[in-house]
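Comments concern the structure below.
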Amino acid sequence: MADRVILHCDLNNFYASAECITHSEWRNVPLAVCGNPELRHGVVLAKNEIAKKYGIKTGDVIWQAKQKAPDLVTVPPHFDLYMAYSKQMFALYNDFTDMVEPFGADECWLDVTGSQKIFGDGVKIADSIRARVKRESGLTCSVGVSFNKVFAKLGSDLKKPDATTVIDRSNFKRLIWGLNADEMLMVGRRIYAHLLKLNITTIGDLANADPVMLKSHFGINGLKMKAFANGEDTEPVREAVKSRDVKSIGHGMTAVRDIETLSDARDLIYYLSEKVAARMRRSGYRGSLVSVGMRDNTLFSIVRQHALPVPTYSSTEIAECALKVFGENWNGDPMRTVTVSVSKLEGVDEPRQMSFFDDESRNDKLEKLDETLDKINSKYGSVVHRASLVGKDFIYDKNDAEDFLPFQR
């Protein structure tokens, strides 16, 4: 059976590039897109190539970045601009195949196996995509070409900006086995620290490690890491938009930067829970099963659930339950995407089983509070917000009617 042909397209310095294209006066200066740039504790979300040469890194605190480059231009993020570019690029990718799986606003996998008769082989398709991206948007794109998703992503990372890199069965050991193991998907910061204690430093070390030892330390994921390092990734490229489960109401977000503290996770979960609860109230549903989806920066995903004592559409009840689930299942690795959803729905007019405890009276009070806030925000605009969400640089607000599903990862 012939190998698949998988591309990974990565828009170079995406946020910063979009700003420089929009403002020509910034194209030849060091620039960083920063959360809350007016605050000294804001962080760098993205930087252009010139800023990179000064050693500025994503995650640097602004005052630290300006020590490296005193003339650094800092600008706040403009997510409407980035989403417009993302949608444009997403449409471009779909001209080549309908098998497109986003990994954030700036990255996508494409399965072009069935497209080669029309557009040529993987390299030709990659080069065509790069040329169109540059011509139609002014952005540049690095593309990895391989026979699986893990190696395709490694390929797009190997050479930047604006390059095509092929990793195939004949060269993958030479090209990637010498890289540090944490360059590979599934190997996050904590896992890599554990691997180093086992004298596993490189992807090649991981590929040749004893499977029994890996399983004893990492469970089934240890065997997956070894398989990935040997090019045995069979994960399919998933279509971007899937039909919704009509039996649940949920909201997910890929944070602008990784979620690394429980405090940040709490704020994001409360934000998502408010979105979910508001939809439930508008749709006339209560629910009693809260699910939390967690996806870290290595693509490892889990979904965990917890039942509520009484059905609710209270944002506080949903958030408290979701936060409990998150706290019990988070291992401390940086999170890219968090999703909160509620299922076991019932109509608000359906009869409810009475509770012997105080859960129902507390829930009723919280629901009435949310209903009152709905009326205020409906009458005067969105004027009431949680104080804890003000100024958070990892949350971007978006219209409730527009999920940006193609860009969630």
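The values are calculated or read from the model by the stated rules, or taken from the named source; none is laboratory data. Values in this document were obtained by computation on a predicted structure and should not be read as measured data. Note: ideal-geometry Cβ built from the backbone for every residue, glycine included; neighbour counts use all protein chains shown. All accessible areas refer to the heavy atoms of the entire protein, side chains included, with ligands and DNA or RNA removed. Shrake-Rupley method; radii C 1.70, N 1.55, O 1.52, S 1.80 Å.
Things worth noting here:
- Among the residues making up the stretch 144-198, those that are of a type in the set (Lys, Arg), touching a residue at least 60 places away in the same chain (Cβ under 8 Å) and part of a helix (DSSP H, G or I) are LYS149, LYS153, ARG189, ARG190.
- Selection count, the stretch 156-170, where residues are open to solvent by less than 20 Å² (accessible area, probe 1.4 Å) and over 19 Å from LYS134 (Cβ atoms): 1
- The set of residues in the stretch 231-240 being out of contact with any Pro (no Cβ under 9 Å at 6 or more places or on another chain) and open to solvent by less than 40 Å² (accessible area, probe 1.4 Å) consists of GLY231, ASP233, VAL237.
- Filtering GLY120, GLY104, GLY219 for residues that are modelled with pLDDT under 95, surrounded by fewer than 16 Cβ atoms within 10 Å (Cβ to Cβ) and on the phi > 0 side of the Ramachandran plot leaves a single hit, GLY219.
- The single residue among LYS57, LYS47 that is open to solvent by 80 Å² or more (accessible area, probe 1.4 Å) and within 20 Å of the chain's Cα centre (by Cα) turns out to be LYS57.
- For LYS247: the one exception among (1) surrounded by fewer than 16 Cβ atoms within 10 Å (Cβ to Cβ); (2) at pLDDT 90 or above: (2)
- Output for the stretch 140-173, where each listed residue is among the basic types (Lys, Arg), within 23 Å of GLN88 (Cα to Cα) and modelled with pLDDT of 95 or more: LYS149, LYS153
- Within the stretch 60-93, the set of residues being within 12 Å of PRO30 (Cβ to Cβ) and open to solvent by 70 Å² or more (accessible area, probe 1.4 Å) comprises LYS66, LYS68, PRO70, ASP71.
- For the stretch 75-100, a tally of residues being out of contact with any Leu (no Cβ under 8 Å at 6 or more places or on another chain) and not in a helix (DSSP H, G or I) returns 4.
- In the stretch 312-350, the residues that are free of Cβ contacts under 8 Å to residues at least 60 places away in the same chain, polar (S, T, N, Q) and open to solvent by 10 Å² or more (accessible area, probe 1.4 Å): THR316, ASN329
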